[in-house]
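> Here it is, the structure in full.
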Amino acid sequence: MSYDTTLAVDFAEESADSSLKKELEQFASPVYESRVFEPDSTLETYVQTKESPPFSPVLSKTDEILPQKINRYMPKGAKLKPESRFIALRKWEGVVVEVENDVCLARIRDLMREDEAEEEITFPIDELSKSDRPLVAKGSLFIWLIGYSDKANGQRIRESCFIFRRLPSWKQDEIDKIKRESRPLADLLNDEEKTLLRP
Amino acid sequence: MNFANLEAPKDDEIEVSIFGPGKGECVIAHLGNNDWIVVDSCVSRASKKPIALEYLESLGIPPDQAVKLIAVSHWHDDHIKGTSQIVRTCKDANFVCASALLQNEFAQFVESYSKRFMSQKYDSGTNEFAAITEQLFTEYAGKRPYPKRLIWAAANKRLVVWDGGARPFPVELYSLSPSDAAFSLAIAEFRKLMPQPGTPKRQAPSLSPNIVSAAFWIIAGNFNILLGGDLDKGSNRDLGWRAVIDSTARPSGRASIVKAPHHGAESGYYAPMWQKMTEPDAVSLIAPFSGGVRPLPSDKDIARIKKHTRKIFITADPKGWSPKRRDSAADKFSSTVVLTRRRVEGQMGHVCVRIPRGAKEMQIHLSSGSKSL
C-alpha cells in the first residue's frame, strides 16, 4: 500500500542529490500523517507495485506520485510499474489493549471521522501479516484499513489490512534525561517544608 | 446534556451525583453551604468540557467559587480526563491524590510516557496527569510560602474539616487508602514500569492490580458516604480493601451512599467492606466500564452486590453500544474481519442522590440512560 523508500534514498545518496534525498527520507520516516478527512472527501488511494517491498507504515496520498520520483533513481530496466491500487473506504488508528489466546483486543479511532466515539475490537492475530505478528504487544499502534483493491487485470477485491507501526526505541540517554529533569509534585510540598524550616 | 431539569440543591441539602458515559466516571458532591467536591473526572463528548463543570454551570453555580476540593482516586484515563481543566478553573480548590503519585518514581513514569507516545489520540492518563502537574507548578512558581493546595491521600488520613460559621452541618473528609504497604509497592512497581533502552515506545503500561487507588469517606452531618475509587480487594491484609477493613484507625460508622469500587467488578469486591462499612440497602452507585476484555459490571458482579443492597443505580449500560453504520459495504465487511466490535462511550448518564434536611427518604433522579438495577 505504500513504498519502502529506503532503496530510493540510497540511490539518491549515490547521486548526491541532497534535496531529493531529504524529500524521500520524509517518506521513509516511520511517522505517518494522520490527517482529518471530511466525510465527503475523495477516497484515498494507495498504489502497490510488484516490486514494492512488504508494507511499511508510511501512509500518504503522496504515495501515488512516488513511483515517478523513485524511478528517476532506479537502475535502467528496473522501473516500478503500478500493478494494483487500493482505495480506502475506512481507516482507523488503533492501540493494543490486551493479547490473549492469539486474539487481540484493541481500541480504535476513526481517522476519517474524528467525531466518532472510540470503539473496541477484537481480531485474531491470523489477520496480520507474518512480519507484523512479532510487533503485537500491549500498547502497540496500528492502522486498520478497509477498502477496495483494484488489481492490474481489472479485478476489484474487498480488502482489510492491519499495519503495525514500527515504533522507535527508547535510548539510554533519553531515559537518563527524563530521570534528571522530571519534577515530582512532592517537590512543591518538600520545598514548602524547607521554607518553613528555614530559620 | 439534560440533567433531569434539576435546580441547585439548597444550602442544607446533601447531594451525591455520579456521571458516566460508559468509559469514565465522575462523582460530584454538595456538602452544604454551596461547598462542592469533585472526585475523578470524565468529559462530555458533546461540549468537550469536564462534566463536573458543565453540571455546576447548568445549575447556575460558578464552579470556581463552589468547588472546594478536587480529588483523583488514581491516574487512569477513565478517572482523570478533564481534571487539569477543573484544577485550572477552580483555583481555590484543594487538589488531592494518592501519596504515591506525588513521588519521583511516578513523575519519571509520567514524564516518560506523556507526549512521547507516537499517537496523541490515546492517553492512558499520563498526559492528563502531566497537565495537572504543569498547572500546579506554574501557579506555585515563585510563591513563598507555597499556597496549601496540594494534599496527599493515604490510609486513614483526615483531609479536611469544614465546620462552624453558617454551615448547616459539619463535614469531614477522609482518605482510606492507599495503605503504607501499597505506597511502597507502588513505588517499586513504577520503577519496574520505566522504559528500558532498546524497547519500543509503546503506550504507558498500567499498574495492575490497582493497589494505588485512593478511596474516600465523607461524613456530612448524620450521613456517611463511601467513594470506593478503583481500589482492589487486595492480595494480602496489607493491601486494598483488606487493609482498610483490618485497620483500627479508619473512621467508624456505616455509609448510606456507596460508589461501588472498580465499576462494581469482582476485583474490587470484598464482602466485609459491604458488611462492615455500609448500611443494609445502602444506595449503591456504579459507573460502568464498557471497555476491556470483560465490560464491567457483569451480571455476576451485580448479583454479588445485590446480596448487600437492593438499591443499585448505574449510569449506563455496561455492554456498550453498536458502532454507527456509515458505509454499509465497509461496515459489513469489517464484521467479517473482527470478532467483536463495539462503541465504549455513549450518552453521558447521570444518577443524582439528594438528601433534603430532615427528610427520611433519599431522592433519586435518573437521567440520560441511567437506570436502577
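> Work out the mean other chain Cβ neighbour count within 10 Å for the residues of B:325-331 and drop it here as an integer.
So the per-residue partner count for this stretch is 4.
> Right, next: Can you list, bin by bin at 5 Å, the percent of alpha carbon pairs in the range A:77-163, starting at 0?
Distribution as computed: 3, 13, 20, 19, 17, 13, 8, 4, 2, 0 percent.
> If you take every residue apart from A:I125 with its C-beta less than 14 Å away from the C-beta of A:I125, what net charge results, scoring Lys and Arg +1 and Asp and Glu -1?
Taking every Cβ under 14 Å from that of A:I125, the sum is -3.
> Given Cα positions, please report Rg to Rh for the range B:114-192, the hydrodynamic radius being the Kirkwood one.
Working: Rg = 17.6 Å, Rh = 16.2 Å.
For the range B:114-192, the value is 1.08.
> Quick one: net charge of A:L167's neighbours, Cβ under 10 Å, K/R +1, D/E -1?
Combined, the nearby Lys, Arg, Asp and Glu give +4.
> Just the number please: accessible area per residue for chain B, 1.4 Å probe, all protein chains included, in Å².
With all protein chains present, chain B gives 38 Å² per residue.
> Per DSSP H run of n ≥ 4, the term is -39500 (n - 2.57); total these for chain B, divide by its residue number, and report the mean residue ellipticity at 222 nm rounded to 500 deg cm²/dmol.
The per-residue figure over chain B is -7000 deg cm²/dmol.
> Under 13 Å from the Cβ of B:S17, count the other residues' Cβ atoms, weight Lys and Arg +1, Asp and Glu -1, and hand me the total.
-3
> In percent, what relative contact order does the range B:85-235 have, based on Cα pairs under 8 Å that are 6 or more apart in sequence?
Value for the range B:85-235: 25 percent.
> So if R0 is 25 Å, what FRET efficiency would B:Q120 and B:A46 give, r being the distance between their Cβ atoms, rounded to the nearest 0.05?
0.70
> Report the accessible surface area buried between chains B and A, summing both sides, using a 1.4 Å probe on protein heavy atoms only, in Å² rounded to the nearest 100.
5900 Å²
> Quick one: Debye curve from the alpha-carbon atoms of the range B:265-373 only, equal weights, vacuum; give me log10 I(q)/I(0) at q = 0.11, 0.19, 0.22, 0.24 Å⁻¹ to two decimals.
The calculated log intensity ratios at q = 0.11, 0.19, 0.22, 0.24 Å⁻¹ are -0.47, -1.03, -1.22, -1.33.
> Expressed as a whole percentage, what fraction of the accessible surface of the range B:28-136 belongs to carbon and sulfur atoms when a 1.4 Å probe is rolled over the protein heavy atoms? It would help to have the intermediate numbers written out before the result.
On the way: 1340 of 3030 Å².
Ligands and nucleic acids excluded, carbon and sulfur reach 44 percent.
> How long, wide and thick is the range B:1-75, going by the Cα atoms along their three principal axes, in whole angstroms, largest first?
32, 27, 19
> Sticking with this one: Counting heavy atoms of the protein chains only and a 1.4 Å probe, report the per residue accessible area for the range A:110-177 as a whole number of Å².
Spelled out: the 1.4 Å probe surface of the range A:110-177, per residue, equals 44 Å².
> Mind checking the range B:306-339 for trypsin sites (Lys or Arg not before Pro) that DSSP puts in a loop (not H, G, I, E or B) and that have at most 16 other Cβ atoms within 10 Å?
Listed in order of number, the matching sites are B:K307, B:R310, B:K319, B:K324, B:R325, B:R326.
> Average partner chain C-beta neighbours within 10 Å, per residue of A:118-127? Let's see the in-between values first.
Working: counts 10, 13, 14, 8, 6, 6, 3, 0, 0, 3.
Going residue by residue through A:118-127 and averaging, the value is 6.
> Principal axes first, then extents: for the Cα atoms of the range A:95-138, list largest minus smallest coordinate on each axis, whole Å, largest first.
That gives 32, 19, 15 Å along the principal axes, largest extent first.
> If a/c stays under 1.5 just call it rounded; otherwise compare a/b with b/c (prolate if a/b is bigger, oblate if not). Do that for chain B, with a ≥ b ≥ c from the square roots of the Cα gyration tensor eigenvalues. Could the numbers behind the result be given before it?
On the way: a/c = 1.31, a/b = 1.12, b/c = 1.17.
Because its axes are fairly even, with a/c under 1.5, chain B counts as rounded.
> What is chain B's relative contact order, in percent, from Cα pairs under 8 angstrom and six or more apart in sequence?
Once divided by the residue count of chain B, the mean separation gives 18 percent.
> Another question about this same structure. For the range B:226-270, just say rounded, prolate or oblate: build the C-alpha gyration tensor, square-root its eigenvalues into a ≥ b ≥ c, call rounded for a/c under 1.5, and beyond that prolate if a/b exceeds b/c, oblate if not.
Oblate shape, in that a/c is at least 1.5 and b/c is the bigger or equal ratio.
> Right, next: Partner chain Cβ atoms within 10 Å, averaged over the residues of B:112-125 - can you pull that number for me? Show your work: numbers first, answer last.
Numbers: counts 6, 2, 0, 0, 4, 4, 11, 8, 1, 11, 10, 0, 2, 0.
Mean shielding count: 4.
> Continuing with the same structure: I'm checking a number: the convex hull volume of the Cα atoms of the range B:13-150, normalised per residue, in Å³. What is it?
Hull volume over Cα atoms, normalised by residue count, gives 114 Å³.
> Once you have a ≥ b ≥ c as the square roots of the Cα gyration tensor eigenvalues for the range B:198-248, tell me rounded if a/c is under 1.5, and otherwise prolate or oblate according to whether a/b is larger than b/c.
Oblate, because a/c is 1.5 or more while a/b does not exceed b/c.
> For the range B:144-210, which whole percent of the accessible surface, found with a 1.4 angstrom probe, sits on carbon and sulfur atoms?
Carbon and sulfur together cover 53 percent of it.
The values are calculated or read from the model by the stated rules, or taken from the named source; none is laboratory data. All values derive from a computational prediction rather than experimental measurement. Note: ideal-geometry Cβ built from the backbone for every residue, glycine included; neighbour counts use all protein chains shown. Please note that ligands, DNA and RNA were not included when accessible areas were found on the heavy atoms of the full protein model with its side chains. Shrake-Rupley method; radii C 1.70, N 1.55, O 1.52, S 1.80 Å.
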